[in-house]
Amino acid sequence: MDKIIVFETFYNPIEANIVKSRLLDSGMQCFLTDEHTIGMNPLYTQALGGIKLHIFERDLEQATALLQEEGFSPGFSMTSDGGEEEVPVKEAATTGMECPNCGSNHVGYVQATKKRFGMLTVFISFILFVYPFHVNKTYHCFDCEHEFEK
Ligand SMILES: [Zn+2]
């Protein structure tokens with residue numbers, strides 16, 4: 001009988017299911033524990049130590065390699081705070097665009113700060129088996145923080 005080990009611990013049920021699906025797709029047996037409790041109340045996540053993804057020890061190397069290929073890394077965690085967190089806005093080259101909100105031309109073409117890893121994006125990506133790793137680009141006014149499309 002093969003030994004079953006905890007491969008990875010997640011604090012986000014969606015992320016846990018994405019990884020689980022990838023492993024199953026590749027023919028590796030795996031299962032999650034504590035998923036239901038955490039899904040119902042995220043506050044329990046810390047108390048329970050997260051959602052555990054179990055695999056057979058013999059699959060460890062293959063599973064690790066697969067996830068690295070997919071862009072996951074050990075300890076990878078897409079935090080469950082819903083993607084509202086502010087990321088540092090990279091100063092971009094002058095675009096010549098004018099902010100429709102305040103008229104400033106101090107406008108850069110940057111990563112969209114508000115849509116990044118929104119729960120809906122993650123959810124849709126999960127259904128389509130596409131990872132939400134591409135980043136939306138948007139115009140960003142450095143004076144009033146307004147963000148707009150062309
Ligand atoms: Zn502005």
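The values are calculated or read from the model by the stated rules, or taken from the named source; none is laboratory data. Worth saying up front: this structure is predicted, and the values here are computed from it rather than measured. No Cβ is skipped: glycine too gets one built from the backbone with ideal geometry, and neighbour counts run over all protein chains shown. The area values use the complete protein model at the heavy-atom level, side chains included, leaving out ligands, DNA and RNA. Shrake-Rupley method; radii C 1.70, N 1.55, O 1.52, S 1.80 Å.
Scanning residues 5 or more positions from Phe7 or on other chains, those with amide H under 5 Å from its amide H are Leu53, His54, Ile55, with H placed 1.01 Å from N in the peptide plane. For Ser21, Ser26, the ranking by accessible surface with the largest value first comes to Ser26, Ser21, using a 1.4 Å probe. Calculate, for Glu149 and Glu70, the FRET efficiency according to 1/(1 + (r/R0)^6) with r their C-beta to C-beta distance and R0 22 Å; round to the nearest 0.05. Here the calculated transfer efficiency is 0.15. Peptides 9-16, 61-68, ordered by how many other C-beta atoms sit within 10 Å of their residues on average, highest first, read 9-16, 61-68. In this structure Met28 has an accessible area near 0 Å², from a 1.4 Å probe over the protein heavy atoms.
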